[in-house]
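Peer 1: Take a look at the following structure, please.
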Amino acid sequence: MERDRALFEEVISGAIPGFLRVYGWAVPAVTTGYHQKDFPLFDPTLDLPVLRRPTGGGAVLHVDDVTFSLAARAGDVLPARVEAAGLLVTSAVRTALNACGIHATMDGKNRTFSDVCFARSTPLELAVDGSKVMGLALALRRSHVLLQGVIPLRVDRALSRRVFGPQAPEGAKGLLEISGSFDPDRFVELLRENLARALRVPAFA
């Protein structure tokens, strides 16, 4: 999160035109949306990092997932309207998923806020057979847009219940649980290519 935040500041200052990162997590962690100032874990005995994102949205448990972030000036590399920027990114992710045999759809209709990201799907997010497979959060600052996305590979349901309690999304599935033949390395390669091509931004490790 701090790397994303620092790079976004560089974009805003004009030091770099934009960036794209695709990464994973060394240890389980929880990220919360910018406006979630207090998010206690349901099980107080859990020793997990809780990190605040610079983007909005609800809390996410990161265990085994692909996380990505990108930023650029609105109206330059990214469309001027934030929702259009999100649609561009979601379309690029869906193309990468489809190429890997995962046919995701943008059929979410819930625009209301949820404390838990994967408890509901918005029109800009992706689902497979009703199970949300990509969360997307955005931030707009001084005409610059930051987007952060997460795509679970496997879902730790027991840990999710300890983190979120009754709000834990029971039907959540990771891509490797949806398709046993899914290739995460190939997906990450295609994700980088599709996003970089669509947005014309450099890819950072």
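Quick note: the coordinates plus some simple rules give every number you see, no bench work behind them. Everything numeric here is computed off the predicted structure, so don't read it as measured data. We place every Cβ from the backbone using ideal geometry, glycine too, and count neighbours over all the protein chains shown.
Peer 1: Place the peptides 148-157, 72-81 in order of packing, highest mean first, counting for every residue the other Cβ atoms within 10 Å and averaging per peptide. Don't skip to the end; give the middle numbers.
Peer 2: Working: 148-157: 21.2, 72-81: 16.9.
Those peptides, ordered most packed to least, come out 148-157, 72-81.
Peer 1: Continuing with this model, one more query. Give me the net charge of residue 182's neighbourhood, meaning all other residues with Cβ under 14 Å from the Cβ of residue 182; Lys, Arg count +1, Asp, Glu -1.
Peer 2: It works out to a net charge of -3.
Peer 1: Over the stretch 94-205, calculate the relative contact order: mean separation of alpha carbon pairs under 8 Å at least 6 apart, over the residue count, as a percent.
Peer 2: Once divided by the residue count of the stretch 94-205, the mean separation gives 22 percent.
Peer 1: Taking 0.36 nm per residue of sequence separation and subtracting the Cα-Cα distance, how much length would be gained by fully extending the chain between residue 35 and residue 156, in nm to one decimal?
Peer 2: Values: separation 121, 0.36 × 121 = 43.56 nm, distance 2.54 nm.
My answer for the length gained is 41.0 nm.
Peer 1: Tell me which of 180, 130, 8 sits at the most positive position along the dipole axis of the chain, charges placed on C-beta atoms (Lys, Arg +1; Asp, Glu -1).
Peer 2: 8
Peer 1: May I ask you to list, by number, the DSSP H helices of the chain whose Cα span along the axis is at least 24 Å and whose average Kyte-Doolittle hydropathy reaches -0.5 or more? It would help to have the intermediate numbers written out before the result.
Peer 2: On the way: long enough: 82-99 (26 Å, 1.05).
Helices passing the filter in the chain: 82-99.
Peer 1: Once R0 is set to 22 Å, what does the formula 1/(1 + (r/R0)^6) return for the Cβ-Cβ distance between residue 82 and residue 193, expressed as a FRET efficiency to the nearest 0.05?
Peer 2: 0.35
Peer 1: Also, I was wondering about something else. Using only the Cα atoms of the stretch 1-82, build the gyration tensor, take square roots of its eigenvalues as a ≥ b ≥ c, and label the shape rounded, prolate or oblate: rounded if a/c is under 1.5, else prolate if a/b is larger than b/c, else oblate.
Peer 2: Values: a/c = 2.54, a/b = 2.00, b/c = 1.27.
Cα axes put the stretch 1-82 in the prolate bin.
Peer 1: Using a Gaussian network model of the chain with C-alpha springs under 10 Å, which one of 55, 112, 90 is most mobile by mean-square fluctuation?
Peer 2: Of 55, 112, 90, the Gaussian network model singles out 112 as fluctuating most.
Peer 1: Another one. What is the local net charge at residue 117, summed over the other residues whose Cβ is closer than 12 Å to its Cβ (Lys, Arg +1; Asp, Glu -1)?
Peer 2: Here the charged neighbours net out to 0.
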